[in-house]
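The block underneath contains the structure these notes are about, expressed in structure tokens.
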Amino acid sequence: MTTTDADPNEETPTQPAIAPMSSQWHWHPDLPVKYSPYWNWPPKFGALGKWIWTNWLLSDRSIFLLLAFVVAFWMQPVGPEQANLDFGWMALVFIRNWIFLLIVAGGLHHWFYGIDGQGKLLKYDPRPYMKRKNALFKFGYQTWDNIYYSMVFGATSISIFECILRLAYANDFVGTLSFGAHPIWFVLLFPLLALWQSFHFYAVHLFLHQPFIYKHVHSVHHRNVNTGPWSGMSMHPAESLGYTSAVLVLLILPSHPVHMLFLAYWLMIGAASSHSGYEAIWSKDRQALLVGAFFHQLHHRYYECNYGNAEMPWDKWFGTYHDGSDDATKRTRDRKREMHARGRYANPN
Ligand SMILES: [Zn+2]
Ligand SMILES: [Zn+2]
């Protein structure tokens, strides 16, 4: 068993000796944990090219892109019928999002933890995913609890916002940007929305770690110390709405519905893949698809670090970056201890 941080709400924080990094993780990417190379100065074009290749073309985000195009141009394009609050088209939005999450989170869970598709290959946490009964979770099991929160609140929140945006496009409250008229903006908006989401996530997440909000809202998500695909969207309903509200930026930015769908899938399906607990799907002796986010896995282990993601260095700029090193673990624990001393964390109950 490895050294694991206790929940920050615990009354008496224990500070076990820090085991070396190598024994705390079963597998981790090269350290320090990297940010996207957009922020290097002078620019490193080789690193940029490699990042775009692996993160945009051989990772889960290629699936978000593909799905967004399929839905926006074929399955359910925005049309005049969506100018009204009509049950038919809105039901389709809800049902599709539930099905997408069920397929992706369910599929990943089945591969990693159901049939044990690749054993512990590229798995971050050495401990097994919790399949035992545990009273901490609704229905007594982490997976059933996580499915409940993800389907009832997570996918529902994103569907509510998708319906609002479809109404906005259909009623011309927001202009629809076409590739023909603005090809550069059309393409650039995809990575720009990823950067926007990084900022939005950092800001919302920092707020969620305020003691009162943490205790009543965010602790629902953090019961998952050892995460699985269903943990990603497993949130308190208030957090689900806050987290998925990132798509509302498109009420003020000229865009095409395909951009809205891309961001929606980034938020919903991306949460399932980034919490899968593995770096990548490994099949037929090679890495088939990058899915994990060690950056966020560190947040689930050490809590008071890495509130953002690897797209933008918000944590680095504001002093909460955990780069995966033993030093960073010590710094994070010191900060947490200080927070306890200042009574920042309210006791549970
Ligand atoms: Zn958190
Ligand atoms: Zn998380």
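The values are calculated or read from the model by the stated rules, or taken from the named source; none is laboratory data. Source: prediction; values computed, not measured. Counting neighbours? That spans all protein chains shown, and the Cβs are built from the backbone with ideal geometry, glycine included.
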Review point. Is there a residue in the range 199-206 that is in contact (Cβ under 8 Å) with a residue 40 or more places away in the chain, farther than 25 Å from ARG166 by Cα, within 12 Å of ligand 2 (Cβ to nearest atom) and out of contact with any helix residue (DSSP H, G or I) (no Cβ under 6 Å at 6 or more places or on another chain)?
Key: yes
Check your understanding: Any chance the range 269-276 includes a residue that's in contact (Cβ under 8 Å) with a residue 60 or more places away in the chain, away from ligand 2 (no atom under 14 Å from the Cβ) and over 23 Å from LEU136 (Cβ atoms)?
Key -> yes
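Using the structure shown, decide if TYR278 is crowded, with 24+ Cβ neighbours inside 10 Å and among the aromatic types (Phe, Trp, Tyr).
yes
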**Study point:** Looking only at the range 214-256, and only at residues there that are at pLDDT below 95 and part of a helix (DSSP H, G or I), the one that is farthest from ligand 2 (Cβ to nearest atom)
**Key:** LYS215
Review point. If GLY319 satisfies every condition in (1) more than 14 Å from ligand 2 (Cβ to nearest atom); (2) assigned to a loop (DSSP other than H, G, I, E, B); (3) in contact (Cβ under 8 Å) with a residue 12 or more places away in the chain but one, which is the exception?
Key: (3)
Review point. What about GLY324, is it part of a loop (DSSP other than H, G, I, E, B), within 24 Å of TRP111 (Cα to Cα) and in contact (Cβ under 8 Å) with a residue 40 or more places away in the chain?
Key: no
Review point. Does the range 107-119 contain any residue that is within 18 Å of LEU261 (Cα to Cα) and not in a loop (DSSP other than H, G, I, E, B)?
Key: no
**Study point:** Matching residues in the range 227-238 - criterion: being under 19 Å from SER273 (Cβ atoms) and not β-branched (Val, Ile, Thr)
**Key:** GLY228, PRO229, TRP230, SER231, GLY232, MET233, SER234, MET235
